[in-house]
Amino acid sequence: MVPSKAAVIVPTWNRRDEVLACVESLLAMDYPDYSVIVVDNGSVDGTEKALRARFGDSIVVLRNEINLGYAGGNNCGIRYAMDNGAEYVCLVNNDAEVAEGYLTGLVAASSGDERIGAVGCRNLELENPSRLWGAYGTITYGPFVVRMEGQGVPDDSSWSGARDVDWIIGNGSLWRCSAIERAGLLDEDFFAYHDDVDWCVRFRTAGYRISYTGSVSILHRGGGSSDIRKEHFFPLPYFLGRNGVLFVRKHASWANTVRFAFWCSAAMAGRGLRALATRLIPWLPQYDARGHRYWDWEVSYWRGIIDGLLGRNTGVAVLQRG
């Protein structure tokens, strides 16, 4: 049997060292017919030059002059892959690494049923593979629209099965190109975050299954593009707030809209009081475990909520100005 042609797409933005390690692992896979496509989203840290110097013609490097985000960057790679005959596209974050049989396992999980439009896998913590970064997701509409299942828990056999789910984690996911032709590309209005959730909803609306297979795993550092310790980073809380509203406006029933408004407001009130306390009482902890200052997080999240309600995306304008 002739193997299906696949393309692995890696969008990156000013994460030269991470993407080099990622591509090294991708080129060591055992799948017989695949290409690696790196989409450089306007990096200024020498990413494109370093990729071409190390890997030459063994990979494809596409260059965008401005940052088009996770959605726009992946779409560039998906278009290129489909124009060149790919039957599957696989999305891999630049802060991830894969094992040899990774792509073989994903294609096998998808090939048994043409109604399977996409397959996700276990995301393990890169620096502690005995724990899950996350497995798959549930749409809750409160307080943050979605919940990731398995986040931060020990990896064990309870996560190794296969099942249909609400949404799969974008990192490490495999998508059937014929289903993309029917459901459409990623919605670039999201730019980054919740775009994978939106895609899963649209695939199901188009009649496809969204499947999780725990027999396949990927190593994921997580938060690479939103790491505030780096010179260039995505404002994570802004996009979580803004895109949560965008997702609700796009997909929620009236009942779920009310649910989201109630639980989101309650959560924001609680977190807002905590953040305000850190401003008034200097000896209280100022930062969470990820290094975000509580007050700055809430201000950014509120800006995202407001922009979502007003139909704006000022976060993108800031990123694209550099």
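For the reader, a short list of remarks on this structure follows.
- Condition met for GLY214 (modelled with pLDDT of 95 or more, surrounded by fewer than 23 Cβ atoms within 10 Å (Cβ to Cβ) and outside any helix (DSSP H, G or I)): yes
- Residue selected from the stretch 153-190 under the condition among the polar types (S, T, N, Q) and under 13 Å from VAL216 (Cβ atoms), by the criterion nearest to the chain's Cα centre (by Cα): ASN171
- Any chance GLY77 is surrounded by fewer than 18 Cβ atoms within 10 Å (Cβ to Cβ), out of contact with any helix residue (DSSP H, G or I) (no Cβ under 9 Å at 6 or more places or on another chain), part of a helix (DSSP H, G or I) and in the same structural domain as VAL197 (by TED's automatic domain parsing): no
- Which numbered condition ALA179 misses (of (1) at negative phi; (2) surrounded by fewer than 17 Cβ atoms within 10 Å (Cβ to Cβ)): (2)
- Tally, over the stretch 30-40, of residues that are buried (at least 17 other Cβ atoms within 10 Å of the Cβ) and more than 15 Å from LEU91 (Cα to Cα): 1
- Residues of the stretch 110-161 satisfying the condition of being assigned to a strand (DSSP E or B) and polar (S, T, N, Q): ASN123, ASN128, SER130, THR138
- Residue in the stretch 192-200 that is aliphatic (A, V, I, L, M), at pLDDT below 95 and in a loop (DSSP other than H, G, I, E, B) present: yes
- If the condition is being of a type in the set (A, V, I, L, M, F, W, C), modelled with pLDDT of 95 or more and in a helix (DSSP H, G or I), then the stretch 236-257 contributes VAL245, LEU246, PHE247, VAL248, TRP254, ALA255.
- Which listed residue is acidic (Asp, Glu) and in contact with a helix residue (DSSP H, G or I) (Cβ under 7 Å, 6 or more places away or on another chain), from ASP83, ASP95: ASP95
- When ILE66 is tested against (1) assigned to a loop (DSSP other than H, G, I, E, B); (2) under 17 Å from SER35 (Cβ atoms); (3) out of contact with any strand residue (DSSP E or B) (no Cβ under 7 Å at 6 or more places or on another chain), exactly one condition is not met: (2).
- Selection from the stretch 298-318 of residues that are in contact (Cβ under 8 Å) with a residue 40 or more places away in the chain, assigned to a helix (DSSP H, G or I) and closer than 26 Å to GLY42 by Cβ: SER300, TYR301, ARG303, GLY304, ASP307, GLY308, GLY315, VAL316, VAL318
- Of the residues making up the stretch 46-57, those that are surrounded by fewer than 17 Cβ atoms within 10 Å (Cβ to Cβ) and either touching a strand residue (DSSP E or B) at 6+ places or on another chain (Cβ under 6 Å) or charged (D, E, K, R) (or both) are LYS49, ARG52, ARG54, ASP57.
- For the stretch 276-295, taking the residues that are in contact (Cβ under 8 Å) with a residue 24 or more places away in the chain and surrounded by 12 or more Cβ atoms within 10 Å (Cβ to Cβ), the one that is nearest to PRO235 (Cα to Cα) is identified as HIS292.
- Taking the stretch 117-141 as the range and being over 16 Å from VAL92 (Cβ atoms) and crowded, with 22+ Cβ neighbours inside 10 Å as the test, the residues that pass are GLY117, LEU132, ALA135, TYR136, GLY137, TYR141.
The values are calculated or read from the model by the stated rules, or taken from the named source; none is laboratory data. Just so it is clear, the model here is predicted, and its values are computed rather than measured. Virtual Cβ from ideal backbone geometry, glycine too; neighbours counted across all protein chains shown.
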